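To start, the structure itself, in structure tokens.
Every number in this text was worked out from the coordinates using simple rules, so none of it is lab data. Owing to the predicted nature of the structure, the values given are computational and were not obtained by experimental measurement. Here the Cβ positions follow ideal geometry from the backbone for every residue, glycine too, while neighbour counts run over all protein chains shown.
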């Protein structure tokens, strides 16, 4: 076979196509087999780690199942207006998220916040169903001391899917969603449009399916400049949400700074003081 310019071009093209296909397959395989490492970014704490917060709290180790331990912080104030069950985002641990939750303690609310399995001091095997079971266990735990009329469920980022599920199965006073998504699948399609993510993903967190069964008032906060969960995904969720949903657009808001905006603070105060 003579190596004419035409043959050399065909060979280079064939090699390039092979490389592209291999890269495509490798990325697709990573999305499937490494999705927990991509989606969940926990940090681990030593079991004897001592939390330090500005408000009184009780550290808990909840045991929803055999072999599972959920580390939790329960902030308590005198004569609380209610209690907030807070489900945090996909990165970090309670040493960070507990400090963030103090924003609501300052507004005279008790707050219960947990670390998901594998996060911080929490132990147990991760699965989507485990998130839901653990959430219900925490809700039931609160019912020992609070009525449902006192419970506000708050979800942030990853936690919005868990919070929406929980609200759909119970009758809390309020559901608040900060930077939510239509579904994890919807976000994945946005980030990886050329991959069959509906087939590759084990974790779906279909908030769009859960929210239709939520009977309590719902407030959604989302920033137009969110680079993690697209604003369009929250808008899409709002299209299927019940009529009692209040969708709050934070112009210029990102994924981690909505508390810095006056609009967020005003609406949060209206909700929690009502």
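Just a few scattered comments:
- Extension gain, residue 51 back to residue 140 (0.36 nm per residue minus Cα-Cα distance, nm): 29.6 nm
- Taking a point 7 Å from the Cα of residue 228 along the Cα-to-Cβ direction, the residues of region 249-274 with backbone N closer than 11 Å to it are 254-258.
- All Cα-Cα separations within region 43-273 were binned at 10 Å from zero, giving a P(r) of 8, 34, 39, 17, 2, 0, each value a whole percent of the pairs.
- A straight line joining the Cα centroids of region 39-69 and region 207-274 runs 28 Å.
- Cβ crowding within 10 Å averaged over residues, with 41-52, 93-104 ranked highest first: 93-104, 41-52
- 11 Å tail of the calculated P(r), region 220-265, as % of Cα pairs: 63
- Working from Cα pairs under 8 Å separated by at least six residues, relative contact order for region 43-273 is 15 percent.
- Under 17 Å from the residue 60 label point (7 Å along Cα→beta-carbon), backbone N, region 130-158: 131-155
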